[in-house]
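Quick one: structure below, then a few questions.
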């Protein structure tokens, strides 16, 4: 039987690479939350930059749905995704739709307070 360990390690590495690539696509800028450019298909992103202007997280949305988000691994569990969610919630964008990693699903459930409000 094939040991899935090495394959899982590669999959995690590819996922982390994609997260870093997506965040690095945004230039340095003003610290805080800023709107990124629209993608042309009705999807928008907000970008959260740290105190020196380096992007540390992005959250995508289409209409009233948050569709995805990414946070640099070294910045996870520090309130980055929560800050971006709260920013969008204040603008009336509160529903979160997956797909999610297990960690992302836990975040979505914590933000919404009930599993039935999370679409996967």
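Calculate, for residue 101 and residue 54, the FRET efficiency according to 1/(1 + (r/R0)^6) with r their C-beta to C-beta distance and R0 22 Å; round to the nearest 0.05.
Given R0 = 22 Å and the Cβ-Cβ separation, E is 0.40.
What is region 25-120's relative contact order, in percent, from Cα pairs under 8 angstrom and six or more apart in sequence?
Relative CO of region 25-120 lands at 19 percent.
Modelled label-to-label distance, residue 30 and residue 75, 7 Å Cα→beta-carbon offset: nm?
Going from the residue 30 label point to the residue 75 one covers 1.7 nm.
Estimate the FRET efficiency between residue 16 and residue 94 by the formula 1/(1 + (r/R0)^6), using the beta-carbon distance for r and 35 Å for R0, to the nearest 0.05.
Approximately 0.80, to the nearest 0.05.
We did not get these values from a lab; they are worked out from the coordinates using the rules stated. Bear in mind that the values here come from a model prediction, so they are computed numbers and not experimental data. All Cβ positions, even for glycine, are placed from backbone atoms using ideal geometry, and neighbour counts span all protein chains on display.
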